[in-house]
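**Q** The structure's right below; bear with me while I get my questions together.
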Amino acid sequence: MKIDVLTLFPSIFNIIIESSIIKRAIDKGKVEINIINIRDFSDYSNSQVDDTPYGGGGGMVLMCDPVFKAIESVKVDNSKVIMMTPSGSVFNQKLAYDFSKFEHIILLCGHYEGFDERIKTLVDLEVSIGDYVLTGGELPASVIIDSVVRLIPGVISEESLKSESFTDSLLDYPVYTKPRVYRGMEVPEVLLSGDHKRIEEYRKSERLRITREKRADILK
Ligand code: ADE
């Protein structure tokens, strides 16, 4: 899979692509991630990329030309152009799975007041990461990269993905590691029993209990 990120703040992505599982996925050739500066596509003086909105109002608006040119520099037939915007569809695990099957995604990060509306003619999908407004699309794009890359086959074990939160409308079961007793708090006996059938039943009932308690809205 290839991910191209179009942004005015490329350095924000350094930590994401140089750390942990994402770095390993890049090193293993599971994903290629390119960070592209929209400003490099400005033909205006001082590499201008934004201007005041027609009709007045506060803030600055990202201009068509540098963004069109940046998108066109990477877009091919099978690309999906995804715009980060608080007015997009709210991102979730199902969308993360859908995105992980695409061959090429282009993540478009805005800043300031937003994008010139005409830029949307090049966009396949508008995505928000939640009902709050951030200063730019870089954190949302990082969230999408992280959640999508870990779902690419071979990046993390199938075992880890199988029963994690949201994959089947249930939150994850609780886990414990050594020591067996910590400050008087004991690991549930069933997990020490070696009885795999009982352990599986316990985990399933814990997933149901926790989901009912915390997120009844996602229970099917
Ligand atoms: N840009 C600003 N806020 C955002 C959000 N919540 N999701 C996606 N992009 C954004």
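**Q** Just give me the residues in the range 48-70 being touching a strand residue (DSSP E or B) at 6+ places or on another chain (Cβ under 9 Å) and either without any contact (Cβ under 8 Å) to a residue 12 or more places away in the chain or in a strand (DSSP E or B) (or both), in sequence order.
**A** Asp50, Asp51, Thr52, Tyr54, Val61, Leu62 - these are the residues of the range 48-70 that are touching a strand residue (DSSP E or B) at 6+ places or on another chain (Cβ under 9 Å) and either without any contact (Cβ under 8 Å) to a residue 12 or more places away in the chain or in a strand (DSSP E or B) (or both).
**Q** If we keep just the residues of the range 80-104 that are more than 15 Å from the ligand (Cβ to nearest atom) and not acidic (Asp, Glu), which is farthest from Val148 (Cα to Cα)?
**A** Among them, the one singled out is Lys80.
**Q** Please list, ordered by first then second residue, the pairs with beta carbon atoms under 8 Å, 6 or more apart or interchain, first in the range 205-217 and surrounded by 13 or more Cβ atoms within 10 Å (Cβ to Cβ), second among the β-branched types (Val, Ile, Thr).
**A** That search, which allows pairs on different chains as well, returns Thr211/Ile218.
**Q** Scan the range 90-118 and report the pairs whose first residue is over 18 Å from Leu8 (Cβ atoms) and whose second residue is among the basic types (Lys, Arg), with Cβ atoms within less than 6 Å and a gap of 6+ or a chain change.
**A** Listed pairs, sorted by first residue: Phe102/Lys80; His104/Lys2; Ile105/Lys80.
**Q** Okay, next question. Within the range 1-50, which residues are among the acidic types (Asp, Glu), under 21 Å from Ile119 (Cβ atoms) and open to solvent by 50 Å² or more (accessible area, probe 1.4 Å)?
**A** Hits for the range 1-50 are Asp40, Asp43.
**Q** Being touching a Phe, Trp or Tyr at 6+ places or on another chain (Cβ under 8 Å), free of Cβ contacts under 8 Å to residues at least 60 places away in the same chain and within 18 Å of Ile16 (Cβ to Cβ): is that true of Val143 here?
**A** So Val143 fits the description; yes.
**Q** Same structure again: Select, from Leu219, Leu208, Leu191, the only residue that is within 30 Å of Thr85 (Cα to Cα) and either among the aliphatic types (A, V, I, L, M) or more than 16 Å from the ligand (Cβ to nearest atom) (or both).
**A** Criteria check complete, one pass: Leu219.
**Q** Would you pick out the residues in the range 109-131 that are out of contact with any Gly (no Cβ under 7 Å at 6 or more places or on another chain), more than 9 Å from the ligand (Cβ to nearest atom) and either open to solvent by 20 Å² or more (accessible area, probe 1.4 Å) or part of a strand (DSSP E or B) (or both)?
**A** The answer is Phe115, Asp116, Glu117, Arg118, Lys120, Thr121, Leu122, Val123, Asp124, Leu125.
**Q** For the range 192-213, enumerate the residues that are among the basic types (Lys, Arg) and either farther than 16 Å from Val175 by Cβ or in contact with a helix residue (DSSP H, G or I) (Cβ under 8 Å, 6 or more places away or on another chain) (or both).
**A** Within the range 192-213, Lys197, Arg198, Arg212 meet the criteria.
**Q** Also, I was wondering about something else. Return the residues of the range 143-153 that are part of a helix (DSSP H, G or I) and open to solvent by 10 Å² or more (accessible area, probe 1.4 Å); say none if nothing qualifies.
**A** Scanning the range 143-153 gives Val143, Asp146, Ser147.
**Q** Would you confirm, using the coordinates I've provided, whether Leu134 is open to solvent by 50 Å² or more (accessible area, probe 1.4 Å), within 30 Å of Asp4 (Cα to Cα), part of a loop (DSSP other than H, G, I, E, B) and of a type in the set (A, V, I, L, M)?
**A** yes
The values are calculated or read from the model by the stated rules, or taken from the named source; none is laboratory data. Please read all numbers here as calculations on a predicted model, not as lab measurements. Heads up, the Cβs are rebuilt from the backbone with ideal geometry, glycines too, and the neighbour counts pull from every protein chain shown. In case anyone asks, the SASA skips ligands and DNA or RNA and just uses the protein heavy atoms, side chains included. Shrake-Rupley method; radii C 1.70, N 1.55, O 1.52, S 1.80 Å.
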